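The values are calculated or read from the model by the stated rules, or taken from the named source; none is laboratory data. Remember, predicted model here, so these are calculated numbers, not experimental data. Cβ placement follows ideal geometry from the backbone for every residue including glycine, while neighbour counts extend to all protein chains displayed. Heavy atoms of the whole protein, side chains included, go into the accessibility calculation; ligands, DNA and RNA do not. Shrake-Rupley method; radii C 1.70, N 1.55, O 1.52, S 1.80 Å.
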Amino acid sequence: MPSQESQEGGRPGLGRGTLLLMSVATGLSVAGNYFAQPLLDVIGRDLHMGSAATALVVTVAQVGYGLGLLFLVPLGDLLERRRLAVCLCAATAVFLTVTASAPNGALLLTGTALTGLASVAAQVVVPYAASLAAPAERGRTVGTVMTGLLLGILLARTAAGLLADLGGWRTVYWVNAGLMLLMAVLLRLRLPALHTGAGLRYPALIRSTLALFVQEPVLRWRAALGALSFAAFSVLWTAMAFLMSGPAYGWPESAIGLLGLVGAAGSLSASVAGRLADRGLAHRVTGLGGFLLLGSWALLAAGGAGGPWALAALLAGVIVLDAAVQAVHISNQNLVYAVRPEARNRLNSAYMTSYFVGGAVGSALTSAVWGAAGWGGVCAVGAAVSAAVAAVWTAERLRHRGDGRPGPAGAQSAAPEAASSADRIASR
């Protein structure tokens, strides 16, 4: 039976404490992919790895996560979701211990890649929460869980620096492994069982995931918006360390890591975006987020000069950009999940794979542009990508008006009602 708290919360199987647990679990799951970024130098020296080999630590984490998005997340439409989430959290804990105890670079890279693969537990938990929530509260629920995920990404660098100072670079991985094991136990105890039963074998399940791009226009539009917005996010955070450690500011690595705390302030917009989406305003939230994203680059460009006023502009730009990215992302997910409730994990897999590819492209562009044009060039790229977000949103809106059909926000209200018949919640 669902917990007493779940019943008091007014939602089938999802009370406030359970929602908070799911939010924390998503943040801890993804954090393991970002711990290494501020620690690459010390890891390389400790394991006698060259700079090129050490740089692969970030790459293999991204590759592992991408493979997990494509091949593991769709299993949520085939297997019982609580069991899948618990198993992935436990596997993440195991692979983090491999990384923490690695005696050489080869085992470190192996542990990192496997951690990235299993860390897609976060992307199983998000649609899980959407399915457990009442239709009228789905946006708020997704926004709350995604706030935890973004905080995990942004605060991982800060936590890594602080824990490394206390006990060396391995400490952060040991701590996260213990926390992920705790999450596996708590999720098993707190979550109700949930099985949607896609009725497909695994190969057909993967094919159907890819086919969703052809079948669902909303997914195509929202995947494009998500990829572009996360590309802008990656442009900023890939170049930030270069700017802050350079001649304009000259900050040490420990201080640079604290910028994650500033970015975390922007993540608080996720819950607000979710609540607005619940009111049928998801499409407008996307547009507002797109134009705020474009405007943030004016502040960020001013921040490249150095000095107190430039720093204030830079920090304001970081907050605005992170808030805008979350507004686009949460409204996207709210609309995508409403398309076909019985296929939420496959929809999430398709959407998040596109989102991840956009982030990878943004990072690659930044690496190329920084050496040639510095911070000014980076801001120009970020602004161009953000302008593309606004352009795609405008094109989507004009297309729906031209067809004489209601936009995604209008379609949103009916689709979630089908969730009650498609999503079957079984008692523990």
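Observations on the model:
- For segment 188-201, the count of residues that are touching a residue at least 12 places away in the same chain (Cβ under 8 Å), touching a Leu at 6+ places or on another chain (Cβ under 8 Å), within 30 Å of residue 334 (Cα to Cα) and part of a helix (DSSP H, G or I) is nonzero.
- Applying the condition of being buried (at least 24 other Cβ atoms within 10 Å of the Cβ) and of a type outside the set (Ser, Thr, Tyr) to segment 94-106 and asking which residue is farthest from residue 68 (Cα to Cα) yields 96.
Each row is one residue, and each column tells you yes or no for (1) touching a Lys or Arg at 6+ places or on another chain (Cβ under 7 Å); (2) part of a helix (DSSP H, G or I); (3) farther than 19 Å from residue 34 by Cα.
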position: 113; (1), (2), (3): no, yes, no
position: 116; (1), (2), (3): no, yes, no
position: 126; (1), (2), (3): no, yes, yes
position: 140; (1), (2), (3): yes, yes, yes
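- Any hit, segment 324-337, residues being part of a loop (DSSP other than H, G, I, E, B) and out of contact with any strand residue (DSSP E or B) (no Cβ under 6 Å at 6 or more places or on another chain): no
- Out of 288, 347, 294, one residue alone is farther than 28 Å from residue 31 by Cα and touching a residue at least 24 places away in the same chain (Cβ under 8 Å). It is 288.
- Some residue of segment 300-320 being in contact with a helix residue (DSSP H, G or I) (Cβ under 9 Å, 6 or more places away or on another chain), aromatic (Phe, Trp, Tyr), assigned to a helix (DSSP H, G or I) and open to solvent by less than 10 Å² (accessible area, probe 1.4 Å): no
- Yes/no for residue 109 being surrounded by fewer than 24 Cβ atoms within 10 Å (Cβ to Cβ) and assigned to a helix (DSSP H, G or I): yes
- Checked against (1) touching an Asp or Glu at 6+ places or on another chain (Cβ under 8 Å); (2) of a type in the set (Gly, Ala, Ser); (3) within 26 Å of residue 141 (Cα to Cα), residue 282 passes all but condition (1).
- Residues in segment 192-200 include none that are modelled with pLDDT of 85 or more and under 20 Å from the mean Cα position of the chain (by Cα).
- Inside segment 1-53, residues that are modelled with pLDDT of 80 or more and open to solvent by 60 Å² or more (accessible area, probe 1.4 Å) make up a count of 6.
- Candidate set: segment 321-364, residues that are open to solvent by 10 Å² or more (accessible area, probe 1.4 Å) and of a type in the set (Lys, Arg); chosen: the one farthest from residue 147 (Cα to Cα): 340
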